[in-house]
Amino acid sequence: MTRKEDIATAELTATEKRVLLALGEEGGEWNQKTLSEKTGINEDAVMQTAFMLAEKGLCEIKEEKKEYYRLTEEGKEYAEKGLPEKRALDFLIERKEATVEKLKNAFQDEKEANIATTWLKKKNWAKIEEKKGRKVYILMGSVSYPDNIIPPDVHLGIDEVILNIVSKGEIERTILRNRVLKEISKVKLKIKVVPGEISGFVTLVGQRKLLTHRAHTERKITLTEAGHEVVSHGISIEEEIAQLTPELIRTGSWRERKFKRYDVNLPSKEAFAAKIHPYQRILDRMRRIFTEMGFTEIKGELVQSAFWNFDALFVPQDHPAREMQDTFYLGMRKRIEASKELIKNVKQMHEHGGSLNSTGWGGEWRSELGEELLLRTHTTAITLGYLASHQEPPVKVFCIDRVYRRETIDATHIPEFDQLEGIVMDKGVTFSNLLGLLATFYKKMGFPSIRFRPGYFPYTEPSVEVEVYMPERGWLELGGAGVFREEVTNPIGLKYPVLAWGLGIGRLAMLSLGLTDIRDLYHSDIDWLRKAQVFR
Amino acid sequence: MPTIRLFYEDLENLTGVSIEKIKERLPLMCADVERMEADYMDVEFFPNRPDLFCVEGASRALKQFLDVEPGLVTYVVEKSGIEMVVEASVLEVRPYIVCGVVKNLQLDSSSIESLMLLQEYLHRGIGRNREKVSVGVHDLARVKPPFRYLAADPGFSFIPLDYEEEMTMAEILERHPKGTAFRYILEDKTKYPLILDSEGKTLSFPPIINADQTRVTESTNDIFIEVTGLNENVSAALNIIVYALAERGGQIQSVVLRFPDDRRGAENETPRLEPKTMEISVKDVNSLIGIDLSAEECKKCCERMGLGAEAKPKGMIEVKIPAYRFDILHTWDIIEDIAIGYGYDRIEPEIPGTMVIGEVHPIEDTKRTVREIMTGLGYFEVLTFTLTSERKQFELMRRGRKQGKPFLDQTFSKGLSFDQTFSKFVVNVASPISSEHTMLRCSILPNLLEILSLNKHRDLPQRIFEVGPVLLGFKEEYRLAAVSTHANANFAEVKSMVDAVLKEMGMEDAEVVESEDDAFLAGRRADIIKPLQFFRGGRGSAPTMDGKHIGVFGELHPEVILNFGLDHPVVGFEVDI
């Protein structure tokens, strides 16, 4: 054996060797089926192995398209009863002639009778003539033999021959052709048939919907020169181990055995790590950043009074955001959870600015509007409530939670979403400190480029909007912030400035998760979850 | 917030500043630039600055902001000699009115459109959809003063704007598009507001519609403006409009208002354009913003925002606020203006020195642990809405919702089985956005089944969980719920999951008893009970209980599976954490 062949056989798997041996046997015509029968390996695996061998240049696979024929239901019926026109011919031979009605009546239905008469004429076996005012069929010359007697086996048409052959089972086209020729040579057919004409007949029978066919690609497998050489040098088959077993390990027999090699590049079945929702990971990241910055997380009730959600924040009672079409009210009122003094302070602040140098909103402030229960529209209701009970500086808290706005659902609007809210209350904190905190947060979130623009919120002054720069989308507005107005802090008794911000998280999440429809965060497609990468 | 379309050519003509500079600085004023096109931009000005809701006002502010013409803008108000007599009848219906006249205007189609849009924005904003404030502008040449403001019978008729035939006020409310849109404002009134001239010709039917005959056209030179409403903001609207028209070269004139009694002074003259004054200290400015400005610099910043400013002794500044500004309630509003005038881009962000120790909320810690356990068990986390419907929460789940007033106090939950608690504490929203979002969820399992139904075409097995709030009464309770679906899902699988979760959560002492929850298949369902050591029996509840029902698990009932459009076995559990 040459060195090259040595390598070739060494690299062959046991299966490959078995297939190679089978291919080397004389006289065989090898395809998927015959090879499988010969080797005892299932058809799919045999074919796969053949492809591997072909890749190694040891065998050659030729594809051949073949057509297989079988009878239709109609074809089966005629194969049994004879073609309708043949039956009509027999009828005429027996009677010499017959009126149109009589001939037609000999068939079980109109359709069959029509087929019979059409093909009688087409095949030039009979024609219609007027006799004594009646239309009659008479036989044509081509079938008029001496004594008008035709032996039944003689005038079998080629189409009938085809029907007979196919009626024995599905048959391949070339085989069918050869059989037809053989049959024809057996009978003394008066018509001379050129072998090439057989195809035309097959098509004809097919057109009459008596035959149907299917195409099938057959692969013919033969050894190449190199393959022959390998086989001629002899191949010994040793069974390879597919799976290492406890048995093999314990007995030590693994030492003598050969392991089947894996193709390390073949794709494997996909497996997915169960994971935390990608959006939750963003929320957790924000939570971590704020705790790293020294903030304490707070929580609060989802159902709030309008007093804490709006009035205490100096949102005027006729503000559009308070209307039914923007806020989810529960249609219930409850005594305001605040001291009488606080309620009085808020009332005075709204009406005339309380004890501050402020004009307030004017008009009458009505406590019953403050008693209305609602689903919180922002978490500021929570942070403010916390400040009311924690008046000593410093306070640094944040809140990440669900808020509700009465929005009709579409790709960019949903009626409930998460908000991140934070406040710092301390002696001497300033608006520039607020900007410093926001800049730090966004930098930690992965947005190094941010800018501040004036903003407007009813309860902060000065107010600011934060925009981050996205290379492909320009400046995007991601949050609002400001210093709580004195009209907000004074009634609850605070003495120092409060820096506050509220950031919509949904938009940020969509950007970083590459979503274009915010609903996808809440109507999870399980495949999206499966494929979402933890590491990004 | 209204979006104003500003054409570059207009802006450059009115301000004398290059459009590049305007594009760069405008976002740092009081505006969100919504979009920039080749020859115009759409700008959203803040809702507290209605004085910017027209190209005239925006240009004025830009000229000040960009140092072209900084400082207070004032206009002389002459007397027009026109009177408006307010009759007692209207004081019960729409008590506030102010009027003004602007003469010698040269209007074209675009300045008329700008005026109409400004009027609409004022109606929507400070007018609260015309209820609180509504504006009418009229061609003064078509009517004869003095005017009368009164309340008239609904049967009074005139030709309303854009119509050719007379209609009664009742018919206008019935048929005219403005009438149907705003009739709710007059719903409980028997008489309607009306403004007539000395010959009985109609000017307007506030807050609904003007008369057609006083329509302002390109040939109008003198405009009469009336603003009616329910509060002092009528002056804001009037001042903003006369300022805008004065920017176009008009001459502002006053109107004398005569009232029937002393309730609001017998006589008044409007518009009143004298600036208000406020004093601020430079120290307050610097300590709030965190910068270090001199009095002179503060003054400059004020002027950039159109405020007048004058340095006073002891570090004080007297600020003059133009009559079109109604957003300044407090000295901090001026300080914000100074910060904007200084430039937000020039304020140095600085981390505060406040030192405290941060901490995650304990419930979030628990939720994080739960996520760790569940992903370890091979479950994917999902997040769903808390707004849902009775149909999903109860009907599809085969769980009963008892009619009657819900318990809003959770102490009633003692003695109720786990699923019974759901039905007792439903919180509905009063005006849901759809029949799918009528209540807040009291169970998470239905949400998970909904997610499964959305993923029917995806490979099995599917295992998902959610940890989050449910609402029982007004109280939130945090729950973990999970489902698993595949051809062989069964009670044994969910039981071993529940056991694992309880063990990891340190709740091994929880007991499991047969459940009656109809969401699950009988004989394949169980309640989880947490023993209560000091249980003494709640008020009005069965004292036989010796623990609190904290969860349920089992094989979902085939009807429930079908209700959610599924066809494979589903097992699941829900437990209070």
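Observations on the structure shown:
- Checklist (1) within 27 Å of B:Phe425 (Cα to Cα); (2) more than 9 Å from every other protein chain (Cβ to nearest Cβ) applied to A:Glu392, failing item: (1)
- Criterion (open to solvent by less than 10 Å² (accessible area, probe 1.4 Å) and either in a loop (DSSP other than H, G, I, E, B) or not aliphatic (A, V, I, L, M) (or both)) met by exactly one of A:Glu487, A:Glu472, A:Glu407, A:Glu465: A:Glu487
- The set of residues in the range B:434-444 being open to solvent by 10 Å² or more (accessible area, probe 1.4 Å) and touching a residue at least 24 places away in the same chain (Cβ under 8 Å) consists of B:Ser435, B:Glu436, B:His437, B:Thr438.
- Selection within the range B:538-557: residues that are open to solvent by less than 10 Å² (accessible area, probe 1.4 Å) and of a type in the set (Gly, Ala, Ser). The member of this set that is modelled with the lowest pLDDT is B:Gly547.
- Within the range A:497-506, one or more residues are facing chain B (nearest Cβ under 10 Å), of a type outside the set (Phe, Trp, Tyr) and more than 32 Å from the chain's Cα centre (by Cα).
- For the range A:304-329, the set of residues classified as outside any loop (DSSP other than H, G, I, E, B) and modelled with pLDDT under 90 consists of A:Pro320, A:Ala321, A:Arg322, listed by residue number.
- Given (1) touching a Pro at 6+ places or on another chain (Cβ under 7 Å); (2) open to solvent by less than 40 Å² (accessible area, probe 1.4 Å); (3) more than 7 Å from chain B (Cβ to nearest Cβ), number of the condition A:Val424 does not satisfy: (3)
- Scanning the range B:222-234 turns up one or more residues that are open to solvent by less than 20 Å² (accessible area, probe 1.4 Å) and assigned to a helix (DSSP H, G or I).
For (1) in contact with a Pro (Cβ under 8 Å, 6 or more places away or on another chain); (2) of a type outside the set (A, V, I, L, M); (3) over 23 Å from A:Ala388 (Cα atoms), each residue gets a yes or a no:
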site: A:Ile289; (1), (2), (3): no, no, yes
site: A:Phe295; (1), (2), (3): no, yes, no
site: A:Asn309; (1), (2), (3): no, yes, no
site: A:Pro320; (1), (2), (3): no, yes, yes
site: A:Met324; (1), (2), (3): no, no, yes
site: A:Leu330; (1), (2), (3): no, no, yes
site: A:Arg333; (1), (2), (3): no, yes, no
site: A:Ala338; (1), (2), (3): no, no, no
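- Scanning the range A:468-484 for residues that are over 20 Å from A:Gly514 (Cβ atoms) and within 9 Å of chain B (Cβ to nearest Cβ) gives A:Gly482, A:Val483.
- Filtering A:Leu503, A:Leu435, A:Leu508, A:Leu499 for residues that are without any contact (Cβ under 8 Å) to a residue 40 or more places away in the chain, surrounded by 21 or more Cβ atoms within 10 Å (Cβ to Cβ) and in the same structural domain as A:His319 (by TED's automatic domain parsing) leaves a single hit, A:Leu435.
- Near pairs, Cβ below 7 angstrom, 6+ apart or cross-chain, from the range B:377-392 (more than 8 Å from chain A (Cβ to nearest Cβ)) to any residue that is surrounded by 21 or more Cβ atoms within 10 Å (Cβ to Cβ) and among the polar types (S, T, N, Q): B:Thr388/B:Asn447
- Cβ separations smaller than 9 Å between residues 6+ apart or across chains give the following pairs from the range B:360-373 residues that are farther than 18 Å from A:Lys299 by Cα and more than 7 Å from chain A (Cβ to nearest Cβ) to residues that are of a type in the set (Gly, Ala, Ser) and open to solvent by less than 40 Å² (accessible area, probe 1.4 Å): B:Ile373/B:Ala500.
- Subset of the range A:342-365 (residues that are charged (D, E, K, R) and either closer than 14 Å to A:Leu494 by Cβ or part of a loop (DSSP other than H, G, I, E, B) (or both)): A:Glu364
- Selected residue (criterion: surrounded by the most Cβ atoms within 10 Å (Cβ to Cβ)) from residues of the range B:8-25 that are within 14 Å of chain A (Cβ to nearest Cβ) and over 14 Å from B:Val68 (Cβ atoms): B:Lys23
- Matching residues, the range B:329-347, being open to solvent by 10 Å² or more (accessible area, probe 1.4 Å), at the interface with chain A (Cβ under 9 Å from one of its Cβ atoms) and touching a residue at least 12 places away in the same chain (Cβ under 8 Å): B:Thr331, B:Trp332, B:Asp345
- Taken over the range B:445-478, the residue count meeting the criterion of being closer than 20 Å to A:Arg376 by Cβ and open to solvent by less than 10 Å² (accessible area, probe 1.4 Å) is 5.
- Qualifying residue in the range B:88-100 (condition: in a strand (DSSP E or B), over 30 Å from the mean Cα position of the chain (by Cα) and surrounded by 17 or more Cβ atoms within 10 Å (Cβ to Cβ)): yes
- When B:Ile240, B:Ile280, B:Ile291 are checked against the criterion of being within 14 Å of another protein chain (Cβ to nearest Cβ) and either touching a residue at least 60 places away in the same chain (Cβ under 8 Å) or under 27 Å from B:Arg60 (Cα atoms) (or both), a single residue qualifies: B:Ile280.
The values are calculated or read from the model by the stated rules, or taken from the named source; none is laboratory data. Everything numeric in this text was worked out from a predicted model, so none of it was measured. Cβ: placed from backbone, ideal geometry, glycine included. Neighbour counts: every protein chain shown. The area values use the complete protein model at the heavy-atom level, side chains included, leaving out ligands, DNA and RNA. Shrake-Rupley method; radii C 1.70, N 1.55, O 1.52, S 1.80 Å.
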